[in-house]
């Protein structure tokens, strides 16, 4: 695979826009179940049966070294579209996070999903070179903030320059990646929007720099993460920044990946959070 040198992304001015309600159905209509990304148990089969084009590319780092192995999935459309930089959980570039990217492409976006531990595994490999999930977690938790930012910047630069893209890039992250997506809303220049699934809010200094609109999706039974929501909301409100946190009753941490768990609460949360996420991304990436 060839290495692709990133080009700096161009800043976009984003003005807050109120969310509009979804279109209503007639009284006699039965609402269709929302299209969701596969759960962890169905991700592999979803990828194998997907009609969309997905490919691995290598994104070069400005500092050199091993490029970032990145999964890119394209929608089936004729016009240019926005790109979503998907930031994985502590489980790395798994089949599940790739399936999330595939579903984003089904919704009309270009999904760009980097393996942020590229070059750090055995033999200079990434997630797929590591023997166990626990070892992947250790590598990801060992990433220094500066290293994460350099890698996200490189992949964002690549995403903005994809010929089929319109130049706009948003971030979407889960758990560890959700926290990184929230932090990246403070990047300079910021992404056009950031979506957080059950990730902790940034520290107070980083919060002051947040300028991108942020959508948060949180499980109601996830106290460690949920304890950071209100302080972040209060700070961002004072700054006049857009932060839309949504907490789903009874859902646990990782509810989108574990849709079958918690007696239907995780599935219900997913059915509410995912359409909300797609609407939010469409608003800022068009």
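For this structure, a couple of remarks:
- Residues 112, 72 arranged by fewest to most Cβ contacts within 10 Å: 72, 112
- The rule of thumb for compact globular proteins, 2.2 N^0.38 Å, goes into the C-alpha radius of gyration of region 171-279 1.00 times.
- Over the chain: helical MRE at 222 nm, DSSP H runs n ≥ 4 each giving -39500 (n - 2.57), nearest 500: -10000 deg cm²/dmol
- Simple spin-label estimate for residue 188 and residue 286 in nanometres, 7 Å along Cα-Cβ: 3.3 nm
- When only Cα pairs below 8 angstrom with a gap of at least 6 residues are kept, region 138-261 shows a relative contact order of 19 percent.
- Extension gain, residue 230 back to residue 143 (0.36 nm per residue minus Cα-Cα distance, nm): 28.6 nm
- Euclidean distance of C-alpha centroids, region 120-137 and region 174-207, integer Å: 25 Å
- Theoretical gain in end-to-end length, residue 45 to residue 166 [0.36 nm per residue, Cα-Cα removed]: 40.5 nm
- Length-normalised contact order of the chain in % [C-alpha pairs under 8 Å, at least 6 apart]: 18 percent
- For region 37-285, the convex hull spanned by the alpha carbon atoms encloses 118 Å³ per residue.
- Spin-label pair residue 55/residue 150, simplified geometry with 7 Å Cα→Cβ offset, distance in nm: 2.8 nm
- Estimated distance in nm for a label pair at residue 237 and residue 205, the labels positioned 7 Å out from Cα along Cα-to-Cβ: 2.7 nm
- Given in Å, the Rg to one decimal and the Dmax to the nearest whole number for the Cα atoms of region 128-202 are 13.5, 38.
- Peptides ranked, highest mean first, by Cβ atoms within 10 Å: ranges 184-192, 275-283, 238-246: 184-192, 275-283, 238-246
Every number here is computed from the coordinates shown, using simple stated rules; none is lab data. On a predicted model such as this, the values are computed, not experimentally measured, just so you know. So basically every Cβ, Gly included, is an ideal-geometry build from the backbone, and we count neighbours across all protein chains shown.
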